[in-house]
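Undergrad: Please see the structure below; I have some questions.
Every number here is computed from the coordinates shown, using simple stated rules; none is lab data. Everything numeric in this text was worked out from a predicted model, so none of it was measured. Positions of Cβ are backbone-derived with ideal geometry, glycine not excepted, and every protein chain shown enters the neighbour counts.
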Amino acid sequence: MTNLQLITPMFFWVFFFLGPKSDDPPKTCNPKQFACKDHVTCISKGWRCDGEKDCPDGSDESPDICEPNQCPVNEHSCLDLDVCIHMSKLCDGVSDCSDGWDEGPHCREKAPECTSFGCEFHCGVTHDGPRCYCRTGYEVAADGKKCKDFNECSVYGTCSQTCTNTEGSYTCSCVEGYLLQPDNRSCKAKNEPVDRLPVLLIANLHGIRCTSLSGSASRLSVPHTNQTMAMDFIYAEETVCWIDVGDSPAATQLKCTSIQDLKANSTSIRPVNITLSLHHVEQMAIDWLTGNFYFVDDVDDRVFVCNKNGQTCVTLLDQELHNPKGIALDPAMGKLFFTDYGSTPRVERCDMDGQNRTKLVDSKIVFPHGITLDLVNRLVYWADAYLDYIEVVDYEGKNRHTIIQGLLIEHLYGLTVFENYLYATNSEEGNLNPKTSVIRVNRFNSSDFQVVTRLDRGAALHVYHQRRQPQVRSHACALDQFGKPGSCSDICLLSNSHKTRTCRCRSGFSLGSDGKSCKKPEHELFLVYGKGRPGIIRGMDMNAKVPDEYMIPIENLMNPRALDFHAASEFIYFADATSYIIGRQKIDGTERDTILKDGIHTVEGIAVDWIGGNLYWTDDGPKKSISVARLEKASQTRRTLIEGKMSHPRAIVVDPQHGWMYWTDWEEDPTESNRGKIKKAWMDGSHHQVFLTSKTVLWPNGLSLDIPQGILYWVDAYYDRIEMVFLNTTERKVWECSHNKPCSPCRGVIINSKKK
């Protein structure tokens, strides 16, 4: 692999907050924030329209941005906009509004106007004058006087499943597997066989408890589990799986057991050896069509999936995730839904192969946790543990509706839905209370609320019933004649429906041109990047639709701040600024080694001299130095080239073909005469000089050198922009960052530098 070419940006998650100056223009909030009308205050977008005034001027709850509750058809609001009464009760001599807004002098003064108003059905007297209304099943037309059919099916909860609008009325029906109830709107799931009733499976500290939907004990007794938070089942295989949390990552395991006829057999417990760590996984979901396991890790900030035997795992999402919590699947539609309450709390959707990521909810949301799906009506329910509500939207993020809110549902965790009811685990006093309630609330009538049972530290819960996991006649990941799911070599993932699939490869392999087979990548260009949370370095294909991991990730890092590569030896070199080490690992995952430890402080940049076989690094520790060592026997050959004479040495690149090295030097408190700099020197440390500085250079970082073109690139973390300079003319150009051309602070940009 002598022609191996890598592109190596370094991702450093550093945020800088500058206090406003007295002569500053109105403050511009970042895209993740809401700008208050005082032009000074920025708040989280999740706090907008949440019922609490978080802006000093209350503009986050202003009626012009927060839609008031709308009254049902043929009803009118009281002075309290949350209370509505039928328009026939206006000015009838009886105060139906608690504030008496429906009665008063206006009734006498404005009543004559109704006589000549021309309503087709009836006229109501309001404070604003006459208003027409219609008989049940009809609404006022656009002219404000005539009546037209009202589509009751547009109202959430009119029918529990299928709704058909008719002239002046509607009819409800149920999909296959459900029976319409005497109320002519509710649907009840059929039990097959008849005596197999639905039960609740509830994970807690000591085991998986099973109760009836009303809370009475079931005969199922799952063996002891340890601190289990995540759990799911495969009904067709009569199997329940959970994560057994140990004291260390190695001791944390995924386990499954058969619960045939709802009778657990302790001898049937089997571990599933997952190749990635499950130690920080709080929630999981099983694709019951393929048997794939999906996990959300809220410490390593990723969503990943493993095949049925656990031997192949791939990361689906690890960007713009900052506390993923809940996960739910709809395999028939090929959709994955998850909650995230990081810097921008939200509910999101993507395909089950990680593609087509879509934000569904990002306002009036703070700590979204549990999430569940109505697979029939394609609705997404989630619980917010801070705002204490359960809400719902459709799969497109539209038609948002509050199911229940208030003290009854504090600190919700797990959430599931079955028939007309939502079930949730609810800790009345947060994590301080070891006792958890399992509650049940009617999703169409929140007054129908009850506590089902209580247990110690309840977490995930599911209704165990075949209708919660509907089957399809065939799917794209079915086994082929050779026993391979979807004919994929490694793992088959459903994509945007159960009829389409994506093959993915395990780390260190790339997808072949046939879209099925996996091969060792040869002589190919790929991206190497590092993240500070979790501490990991990855290699990803930049061009393919499916982001294969071309190298085995370098994991278990604290804060990888710098990296480079040596193509001839296939080593990735990295610096961990928290562990105070410089290490290396081959792209196939072998030969992990710490090459420098003693005397290492805060290494912010490293660069490989691929001709001389040397490693250069900057250290922003007490001595502010630039050092060099041989790639082999580094600890025995290290030498300091430059010490002092710098404020904050950061990124570094080398040009061994011409004998120069370039590095950036930050100024912590820049002044007119003291700005950020890009410096250069011969590679032995001599001829130290300032290469570039100006009033518009403050925090330069992320150097990248295009040697054939003679261009040096860098990121300025203060101005949030990418710049370039021609080495022979010192002509500068700026790449301004915007929504169309985003850049991030402290993010290195390295182009193909033709290293051999």
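Undergrad: Which order do the peptides 363-372, 109-118 come out in when sorted by mean C-beta neighbours inside 10 angstrom, highest first?
TA: 363-372, 109-118
Undergrad: Pop the C-beta distance of SER258 and HIS206 into the FRET formula with R0 = 22 Å and round what comes out to the nearest 0.05.
TA: The value I calculate is 0.60.
Undergrad: Please give the peptides 568-574, 314-320, 468-474, 100-106 ranked by average Cβ packing (other Cβ atoms within 10 Å per residue), highest first, as a rough proxy for protection.
TA: 568-574, 314-320, 100-106, 468-474
Undergrad: Please give me the summed charge of the neighbours of ARG108: other residues whose Cβ is under 15 Å from its Cβ, Lys and Arg +1, Asp and Glu -1.
TA: -4
Undergrad: Could I ask something else about it? Restricting to DSSP H runs of at least four residues, report the calculated mean residue ellipticity at 222 nm for the chain, -39500 (n - 2.57) per run over all residues, nearest 500 deg cm²/dmol.
TA: Helices in the chain give a 222 nm mean residue ellipticity of -500 deg cm²/dmol.
Undergrad: Suppose the chain between ASN728 and ARG108 were pulled fully straight at 0.36 nm per residue; how much longer would it get relative to their current alpha carbon spacing?
TA: 214.4 nm
Undergrad: Evaluated at 37 °C with a viscosity of 0.692 mPa s, what Stokes-Einstein diffusion coefficient in µm²/s does the chain have when Rh comes from the Kirkwood expression over alpha-carbon pairs?
TA: The diffusion coefficient I find is 110 µm²/s.
Undergrad: Give the long-range amide H neighbours of ARG501: residues separated by 5 or more places, or on another chain, with amide H under 5 Å away, using H modelled in the peptide plane at 1.01 Å from N.
TA: Answer set, sorted by chain and number: SER495.
Undergrad: Continuing with this model, one more query. Points 7 angstrom from Cα along the Cβ direction at VAL155 and ALA250: gap in nanometres?
TA: 6.3 nm
Undergrad: Relative to the compact-globule scaling 2.2 N^0.38 Å, provide the ratio for the alpha-carbon radius of gyration of the range 75-149.
TA: Against the empirical 2.2 N^0.38 Å value, I get 1.06 for the range 75-149.
Undergrad: Shifting gears a bit: What does the charge add up to near GLY215, with Lys and Arg as +1, Asp and Glu as -1, over the other residues with Cβ less than 10 Å from its Cβ? Intermediate values should be presented prior to the final figure.
TA: Numbers: positive: ARG440, ARG454; negative: none.
Cβ neighbours under 10 Å give a net charge of +2.
Undergrad: Please work out how much length the chain gains when fully extended from ASP456 to VAL376, using 0.36 nm per residue of separation minus the C-alpha to C-alpha distance, in nm with one decimal. It would help to have the intermediate numbers written out before the result.
TA: Working: separation 80, 0.36 × 80 = 28.80 nm, distance 3.26 nm.
Gain in length upon complete extension: 25.5 nm.
Undergrad: Once the piece of chain linking LEU479 and THR590 is laid out straight, how much longer is it, given 0.36 nm per residue of separation minus the C-alpha distance between them?
TA: 36.7 nm
Undergrad: In the range 135-174, what is the volume of the convex hull around the alpha carbon atoms, normalised per residue and reported in Å³?
TA: Considering the Cα atoms of the range 135-174, their hull volume per residue is 60 Å³.
Undergrad: Student exercise: in the range 42-201, how many lysine pairs 8 or more apart or on different chains have Cα atoms under 30 Å apart?
TA: So the count works out to 8.
Undergrad: Moving on. Would you list which aspartates and glutamates come within 19 Å of LYS624, measuring only between C-alpha atoms, while excluding same-chain residues fewer than 8 positions from it?
TA: Correct list for LYS624: ASP576, ASP598, GLU604, GLU643, ASP665, GLU667, GLU668, ASP669, ASP684.
Undergrad: Within the range 74-117, what residues put their amide N at less than 18 Å from the label point 7 Å along the Cα-to-Cβ vector of LYS145?
TA: Only 111-117 pass the distance filter.
Undergrad: Take SER214 and LYS645, extend 7 Å from each Cα along the Cα→Cβ direction, and tell me the distance between the two endpoints in nm.
TA: In this crude label model, SER214 to LYS645 measures out at 8.5 nm.
Undergrad: Okay, next question. Cβ neighbours within 10 Å, averaged per peptide: list 643-655, 327-339 in order, most packed at the top.
TA: Sorting 643-655, 327-339 by mean packing, highest first, produces 327-339, 643-655.
Undergrad: If amide hydrogens are placed 1.01 Å from N in the peptide plane, which non-local residues have theirs closer than 5 Å to the one on GLN283?
TA: Amide H to amide H, under 5 Å and 5 or more residues apart or across chains, GLN283 pairs with VAL296.
Undergrad: Sticking with this structure for a sec: Please state, to two decimals, what the Cα-based radius of gyration of the range 624-717 comes to when divided by 2.2 N^0.38 Å (N = residues). Let's see the in-between values first.
TA: On the way: Rg = 13.7 Å, N = 94, 2.2 N^0.38 = 12.4 Å.
In units of the 2.2 N^0.38 Å rule of thumb, it is 1.11.
Undergrad: Taking amide H atoms as placed 1.01 Å from N in the peptide plane, list the residues 5 or more away in sequence, or in a different chain, whose amide H sits under 5 Å from that of TRP735.
TA: Under 5 Å from the amide H of TRP735 lie the amide H atoms of ILE722, GLU723, MET724, each far enough along the sequence or on another chain.
Undergrad: Can you work out the Karplus-derived ³J(HN,Hα) for every residue in the range 225-239? Use 6.51 cos²θ - 1.76 cosθ + 1.60 with θ = phi - 60°, whole Hz, and x for glycine or proline.
TA: Listing the rounded values in order: 10, 10, 6, 6, 10, 9, 7, 7, 9, 10, 5, 4, 9, 6, 10 Hz.
Undergrad: Using each residue's phi in the range 204-211, evaluate 6.51 cos²θ - 1.76 cosθ + 1.60 at θ = phi - 60° and report the 3J(HN,Hα) Karplus result to the nearest Hz, with x for Gly and Pro.
TA: 8, 4, 10, x, 10, 8, 10, 9
Undergrad: Could I ask something else about it? From the phi of every residue in the range 611-624, what ³J(HN,Hα) in whole Hz does the Karplus formula 6.51 cos²θ - 1.76 cosθ + 1.60 yield, where θ is phi - 60° and glycine or proline is x?
TA: Whole-Hz 3J(HN,Hα) from phi for the range 611-624: 8, x, x, 10, 10, 10, 8, 9, 10, 8, x, x, 8, 6.
Undergrad: Hull surface divided by four, with the convex hull built on the Cα atoms of the range 199-466: how many nm²?
TA: Details: hull surface 51.0 nm².
Averaged projected area of the range 199-466's Cα convex hull equals 12.7 nm².
Undergrad: Between VAL175 and VAL472, what is the spin-label point distance in nm, taking each point 7 Å from the Cα along the Cα→C-beta axis?
TA: 1.2 nm
Undergrad: Please give the Cα centre distance for the range 575-625 versus the range 313-377, rounded to the nearest Å.
TA: The two parts, judged by their Cα centres, are 37 Å apart.
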